[in-house]
Structure formats: structure tokens, C-alpha cells
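The values are calculated or read from the model by the stated rules, or taken from the named source; none is laboratory data. Predicted model only: the values in this text are computed from it and were never measured. Cβ sites come from the backbone with ideal geometry, for glycine too, and all protein chains shown count toward neighbours. Just the protein is used for accessible areas: all its heavy atoms, side chains included, with ligands, DNA and RNA removed. Shrake-Rupley method; radii C 1.70, N 1.55, O 1.52, S 1.80 Å.
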Protein chains: 2
Amino acid sequence: MKHLLLSSLLLTGLVSAQKSQDSVQFKAIAEHILVHGESYNDLKELTKGIGHRLSGSSAYEKAVVWGEKKLRQAGADKVYLQPVMVPVWVRGKESLKIRTNGGHWEEIKMLSLGNSEGTQGKDLKAELIMVSSEKEFQMLPADKVRGKFVFFNFPWGHHHVEPFKAYGEAGKYRRSAASWAAAKGGVGVVIRSLSSAFDDEPHTGSLRYEEELKKVPAVAIGNESADRLARLLEKQKLEVLLNSEATNKGEQLSYNVIGEITGHKDSKVIVAAGHLDSWDVGEGAHDDGSGVVQSIEVLRTFKELGIKNNHTIRVILYANEENGVRGGYAYLDAVKKSKEPHLFAIESDSGGFTPRGIAMDMEEEKIRQITSWEDLFRPYGIHDFQRRHSGVDIGPLKSLGIPLSGLFPDPQRYFDIHHTHEDTLEKVNRRELLLGASAMTQLIYMIDKYW
Amino acid sequence: MKHLLLSSLLLTGLVSAQKSQDSVQFKAIAEHILVHGESYNDLKELTKGIGHRLSGSSAYEKAVVWGEKKLRQAGADKVYLQPVMVPVWVRGKESLKIRTNGGHWEEIKMLSLGNSEGTQGKDLKAELIMVSSEKEFQMLPADKVRGKFVFFNFPWGHHHVEPFKAYGEAGKYRRSAASWAAAKGGVGVVIRSLSSAFDDEPHTGSLRYEEELKKVPAVAIGNESADRLARLLEKQKLEVLLNSEATNKGEQLSYNVIGEITGHKDSKVIVAAGHLDSWDVGEGAHDDGSGVVQSIEVLRTFKELGIKNNHTIRVILYANEENGVRGGYAYLDAVKKSKEPHLFAIESDSGGFTPRGIAMDMEEEKIRQITSWEDLFRPYGIHDFQRRHSGVDIGPLKSLGIPLSGLFPDPQRYFDIHHTHEDTLEKVNRRELLLGASAMTQLIYMIDKYW
């Protein structure tokens, strides 16, 4: 009995001493990053020096070189490129015009959806019909759709406290509406952007054509234009004129950029990731320059603070998240071949905003363990520990049973600027970005120590 | 025993039914405000229609008229003005120049601190000496200070996760350095702005002159200029040339704007507050247009959702928070006279950012009770329930033992723009602002129901 009591006291003392040691390390990490963190400067280089960087573009290749250099400078023991075949989609010139009753053509601000085929630079003119939902569209007989442009005017769910729910609801219109329309003989699609903003910015993003259906062009318009078209269409007919050079040009060789600090013998791999590609508008600052520079910061912080890692900490800057996820699958294939054991992967791809929580996609017991660290994270504003989607690039690793996680930052501003010309460095706050890097580093410190 | 068990079961059932009812009401409040809330439009009127509005300015008087109108439109049963004598401080023209070794004068971006006396529009030229802390200054003999300008180069505490801690540390330099310098015969003061930004924006804010000491001019410069002056002063002497028309012009009659929905007979008063005045630069959008429009939103939401209030819900738009807190004291005096019992007061004056918590300044038992509502608040991102400072305007009510509270929004961006030209509508996000109004309304709903 005495023995048990003593052991129990010792254990309690040990746990409490460890907690206190971890809390000191958490503070050291946060303060180091807030004062000496390079994430914001790195993001400036990536956004202002290179700019947007769609897979298959020369800008993406510049970003690869930049990423290699940054990982070396951050102190990686090993930096290498992982070959990935990526699709090459090119926007080219594009314009969308409308007219009522044979009046004059008026230009509408627009962006072709990613992967969309255009009109080979020719004018495509058709009547525009409007539906507000998939259900409404599916109830239309094909002869009401044949030869028409279809305007999918699905409203953004402003009532959701979590904007990712609104994004989830509206996602299928961007991804699938082109093929729905094609199946009924429609010639093209206009969608209300997946946007929480009260402005006229169109938001691009990828669509997927169904095999064996015609690849009709699909474009997004901003909320103000969508409101206007809806008002006009209530009273009269509208014609649209689309001219777009958008086209898919096959594939080309590209790369994931990987840098790591090596663990001890028999160690496993911990992945910290973001995606290096972006859409071909704006600067890809929140999506996902932020995740890239935060992941590099994790590695740099381990080196600069001299934290001894047990496991290999591997930073992956993925290629082609936006229009193919080829980078994610290439890494999966590599792991399948190498059979390297993986302990954990975390991705930051929800913007460089103040971190609020940790998204977890793993077995319940591991979720409970990470959640039990909440007291350590609370002083840093991290309080939301939930089972959620982790990240698109690391997603394929789920098939290997690897515990997946995502940085969950404050989501309120993301869908104002996501996939637009407005996703620029100016929309990223230095402290918010750095605190996200700090949260990732703190979590990886814990995983490395206790798993 | 059976009886007891039954009562206990009934009680548990009752508590759980109430929790569920409250959770439904929380959702209704949040969704109503996210979809129909007027805060952002109201803030646009206040910032773009009126602009900055220092106490004693004609813009402030316009804001009073606007506030009355808005409260009536929001559905207040009663709207009235509460007289307050406010100081009239006028900035006028101002410029700060430096030169090295009798070279040419070079202009530095600056703002006089609020309440500072200037140079009556005359040139005041003196050598500039630098100290990095109060301690370093107090160790200087008076003959090193006499006739000099003193540059208080106290660095911002970037390492703090909570920027309010850095603000707290640096506050005394803005408030008191002018009188410290005057006590040793200094002729003026330049301070490094209380700023978390990596830019050159000067941040104004109030100083307090000590009685019986000379009122020497005090100005703030941005971080970039402060860095530069520090570098220059390490190598050589610097002269400064200040010309400022800043001056205090006595007092004038102004007003707190008050609107309320009346409670039942024998009810008490619940206060929701912000301050209507701002500094005389920028637009006072976060500080504190946000608190103003959020407080009005509380009242509007009770009316629009038809929530029956037990107690009087009183919105107070305070005068003169920035350079005197006269509005806060005028309201205290009025309550002392009227002896109206007050149940609770909450202020929003930390910016219109995503709400994260509730600051509480009240007895432990009440803090525990509010904290026990955390489960209701968590789906709205509100997780930080702590004893903290509530708000400057409601602060005087503490002397009457009234439980005080403050909305605690995400603090990371606030001190980038606080008291600067950059505190504009563009820096406020619509959803973040509305969620703050929602949190205030939810809390007041609970207080009104259970206290």
C-alpha cells in the first residue's frame, strides 16, 4: 500500500514536472517565433517576389527553387525535390458580357473556374437561365437547358458561424455544375462565387468534368454581379457572350519540395506541410503561402532553439493542391514504396489567421490525448480540439492509417478573399501568422516527445 | 427519499431543458445578427459619413445626432442625452524635424500626444537625448536633461502573446514621460509609439500633465522613425525642431447618448456600452466605432427577435473616453443621484475583431456563474472567461459594486492601428464585428434571464 502510494505520488510529481517543463518550452517557442520568426518576411518574398504560382507555370518553378533555398537556410539536414506530374491549365484571355433584349453588351467581372475549358478564343453566345439550387436544376427538363448557359445562383450561407460549413454546402456548384449542365445539353455555366464578401470579386477554384460528358466552360462571378443578374432575370431574358482561351495543356514534370531534420535511429516521420502552388490570381498569401512559411518556421524553430527531436521532422511543400492534388498522391506513392513509418502529419491550409484550434482526423484515443494537452495550449488562444478535416495534401496518407491533423485558424475572413485577386500579403497579419507557426511547432514538440 | 429523488430528477430535467432552450436562443441570436445585423452598415455611416470625432469637435456633435437617430431606429423605448462637460483639445498644425551636425532639416512623421501643449506655433529647437526606459531616465542627472528634448525609446513587447500586456508596459511613457522630462528641466518629449506594427505610423493617445510642472510638448513617432533615430543617436548628436499648434481650450458642454428598452416594474438596469468619441485621426473604426454599433445591435436584436427583457437594457454611447473619461464619470454621478439599481454593465472597447472571451471584473461567485455558461458560448468561438479589465467608460461604476464586464475580441491586430490614421472601416471585417455583437447579446440575454 505504502509502495503504491509512493509510486502514485512519484508519478503525479513526474507528470506535473513534465507539464511544467512543457509549459516552459511552449513559452520559449512562442516568444522566439513572435520576436525572431521569419514567416512574414518569407511570405513577403514568396508573394511579392514570385507572386501567384499555379502548378505548371514558370512561377511555380521559381517557387520550387525558393522553397529549397529557404529550407536549407532554415537549417534542414536534407533538402530534396520529389517529382510529380502536374496538369497544365492555362487561363489566357477571358471575358463575359451580358445584354438584355438585344441591347448593348456589358462586361461582367469574372474568372473562369480552374480546369475549365474555354471557347478556344471564339465568341460563345447563348441565353442565360437561372436556378438557385441543384434540386431546382435537376427538376428542369433537358429541353429547357439545351443550348443555354445556366446560372447557378446558390446563396452563400452567411448564417453559419463556421464559414467552412457554407463553403462545404456551396462546393458542389463549383466542382460539378458544368457537368450537370452538359448532361442536359447546356453550353456553359456561370456560378455565384463561393464568397462571404459583400463585393464583386469573383472566386476561382477547381471543377471536375465527368468523363464522357462535354466539357462546357464554367465561370464564377462576384456576389454583386450575381445579385444583379438575379434581379434582371426576374424581369427579362438575358443573353451572355463568353470568350475564353482557358484550356488544359496536358501534363508536365514538377516537384514537391521537402526538407527535414533527421531523427534518431529507428525514428519515425512527423510531417509539417503546406502547399506551394496557388491559383493564378492574387498572390496566394493566405492560400497557402501562409502554410508554407509556417511549416518552414517549425523546422527553423527546432534548430534555433536547439530542441532535440527524437523523430524526423519533415517539411513538405506540396505541388498542385489547387487543381489536382498530384503532390499529395506522389508523396503517398513514395511512402508506400519506402515503407518509412510515419508518426503524424499536420497541414496548415486554412489561412494565416490567429490559430484557434487543432483539427484532428485519427483514432479516438489519440484525439483524447491531444485534447488532454489543452491546458498547455490555452495561453496561446488554442482551445478548439475537434475531429475535423485535416488537409487536402496530407489527406491521401489516411489510407495508411497515419494520424492526420490541421491547424485550425480563425475562419471568419478566409472566404472573403479565398481564390481571388485579393488574396495578397496585405491581408495577412504578421502576429497572426507567427502564432500559427508557433502552435504547429508546439504541437509537433509534444508529438515528438510523447508518441 | 423517493420524493427527493423525484425532485432531483425534475430539477435535472429542468436545468437541461433550460440549457437546451438557451442554446436555441443563442443560435437564433447569432444567425439573426450574421444575416440581418446592421453593425457594419452603421459603422460605415459613422466612419465614412462623419469620420473621426474627438470630444469637443463639431464631428462629435454630429455623432451625437447620429447616435440618437440610430437608437430610435433600433427600437429604443426611450432615447436621451446626458450632459457632460468635456475638455477641448485641438491639434492644429504640427511638424517635427531633425538634423545631424548642423545639416539640413528633415521631416519626421509624427503626431502630438492628446492633451499635449504645443509650441504656440513657434519653432522650438533643442538637442535630442535618448533613453530606453524610465529607469535609465531617472538615473540621469538633471543637468543632462535641462534644455533638451528627451526621446523615450521604450521597445514594444513583441514577445507577449497578449498584446494588451505590451500596451500596459509601455503605457506610462505616453501618459507620464512629458512630466518626467519637465521635472528635470527638459523642454519636450518624443516617444516611440505604442505600436505592434512594423511601419512608420505614429500612434497618438492621451498624456496627463502633473500639476505644478511645466507642460512641455510631447509627440509620438512610428517604429521605423524610432529605429532610425536610435541608430543615428548611437553615432552622433541630433537636433530636433518642433512646431506645433496643439493646445487645450478649456471645456464645453457635450453629451453621452443613451437609449433603452424598458424592463418590468422593479427591474434593474443592464448597460451595454461603447464610446462615441475617437481620436482626431483615422476614423475611429475599431476604437470605438465598433463598440458603438455593437451596443446598438444588442438593443435592435432584442426588439427584432421579440426577446422579452425582464430588466431595462440601456445602451450608452459615452463621450470623451479618449482624453478625459468625463462621460464615464457623468454617468456615475447620474446613477449616484438617481439611485437606479444596476445589475450588470458590459463595454466593447477592444476593437471589432472575432470575439474570443468575456472579461469580468466582479465577485468570484458571479465569475463562476458566467464561466459555467461556457458550453453555450463555445460554438461561437467564445472560450476565454477570465478576470480582466472591463472597460474604461464603465470603470467608474465599480465604485458602486456593479458587476462589470468587457467583450474580449482577438487582440492580435489592434495595436497595429490603434490611435492612428489607419484605424479605418477597411480594417474591420463584417463577420468579426457581427459576431462580437452576437456575443454581447447572448451574454445580456443570460444575465437578464438568470440574475
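Numbers at a glance
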| item | result |
| --- | --- |
| Binned Cα-Cα distance frequencies in chain B - 20 Å width, integer % | 25, 51, 21, 3, 0 |
| Semi-axes of the equivalent ellipsoid for segment A:115-217, Cα gyration tensor, largest first, Å | 24, 15, 13 |
| Per residue accessible area in Å² of chain B, where ligands, DNA and RNA are left out and the probe is 1.4 Å | 40 Å² |
| Leading residue at positive end of dipole, segment A:92-245 (Cβ point charges), from A:His203, A:Leu140, A:His104 | A:Leu140 |
| Given charges at beta-carbon only (K, R positive; D, E negative), |dipole| of segment A:157-279 in Debye | 380 debye |
| Student exercise, segment B:278-431 dipole from Lys, Arg, Asp, Glu Cβ charges, in Debye to nearest 20 | 680 debye |
| Distribution of pairwise C-alpha distances over the protein assembly as shown, 10 Å bins, in % | 2, 11, 18, 21, 21, 16, 8, 2, 0, 0 |
| Heavy atoms of B:Thr12 accessible to a 1.4 Å probe, total area in Å² rounded to 10 | 80 Å² |
| Greater than 31 Å apart at Cα, pairs in A:Lys27/B:Lys97; B:Lys122/B:Lys172; B:Lys184/B:Lys427 | A:Lys27/B:Lys97; B:Lys184/B:Lys427 |
| Across the identical copies, how the B:Lys78 labels are spaced - nm, sorted shortest first, 7 Å along Cα→Cβ | 7.6 |
| Other-copy label distances relative to B:Ser23, 7 angstrom Cα-Cβ extension, nm | 3.1 |
| Label-point separation in nm, A:Leu305 to A:Leu10, each point 7 Å along Cα→Cβ | 3.0 nm |
| Rg in Å to one decimal, and Dmax rounded to a whole Å, for segment A:277-351 via C-alpha atoms | 14.1, 41 |
| Theoretical ellipticity at 222 nm over the protein assembly as shown - DSSP helices of four or more residues, -39500 (n - 2.57) apiece, nearest 500 | -11500 deg cm²/dmol |
| Heavy-atom accessible surface that B and A bury in contact, both chains counted, 1.4 Å, Å² to 100 | 2500 Å² |
| Value in Å of the Kirkwood radius, where segment B:86-132 supplies the Cα pairs that are averaged | 12.9 Å |
| Of all accessible heavy-atom area on segment A:19-72, the percent that carbon and sulfur account for (1.4 Å) | 52 percent |
| 12 Å cut-off, amide nitrogen to a point 7 angstrom out along A:Lys449 Cα→Cβ, residues in segment A:21-41 | A:21-29 |
| Of B:Thr424, B:Tyr380, B:Tyr414, farthest towards positive along the dipole that unit charges on Lys, Arg, Asp, Glu beta carbons give segment B:296-440 | B:Tyr380 |
| Listed residues A:Met446, A:Ala226, A:Leu332: farthest to the positive end of the dipole of the protein assembly as shown (Cβ charges) | A:Met446 |
| Nm distances between copies for B:Glu210, ranked from closest, using label points 7 Å along Cα→Cβ | 8.1 |
| A:Glu365 versus B:Lys268: modelled label distance in nm, points set 7 Å from Cα along the beta carbon direction | 5.1 nm |
| Segment A:75-106 and segment A:346-391: distance between their alpha carbon centers, rounded to Å | 33 Å |
| Electrostatic dipole magnitude of chain A [Cβ: Lys, Arg +1; Asp, Glu -1; Cα centre; debye, to 20] | 500 debye |
| Cβ-Cβ FRET estimate between B:Glu374 and B:Lys172, R0 fixed at 51 Å, reported to 0.05 | 0.90 |
| Highest to lowest packing among A:330-336, A:148-154, scored as the average C-beta count within 10 Å | A:148-154, A:330-336 |
| Equivalent ellipsoid dimensions for segment A:172-228 as semi-axes, Å, which come from the Cα gyration tensor, largest first | 23, 11, 7 |
| Out-of-range pairs (alpha-carbon distance over 25 Å; input A:Lys48/B:Lys93; B:Lys93/B:Lys148; A:Lys48/B:Lys48; A:Lys109/A:Lys215; B:Lys70/B:Lys303; A:Lys48/B:Lys165) | A:Lys48/B:Lys93; A:Lys48/B:Lys48; A:Lys48/B:Lys165 |
| For segment A:12-52 versus segment A:274-300, the gap between their alpha-carbon centres in whole angstrom | 17 Å |
| Rg/Rh for segment B:223-268, where both radii come from Cα atoms and Rh is the Kirkwood radius | 1.49 |
| Closest Cβ on chain A to the rotation axis that carries it onto B (distance rounded to whole Å) | A:His383, 2 |
| Between segment B:163-186 and segment B:395-419, the Cα center-to-center distance that results, in Å | 21 Å |
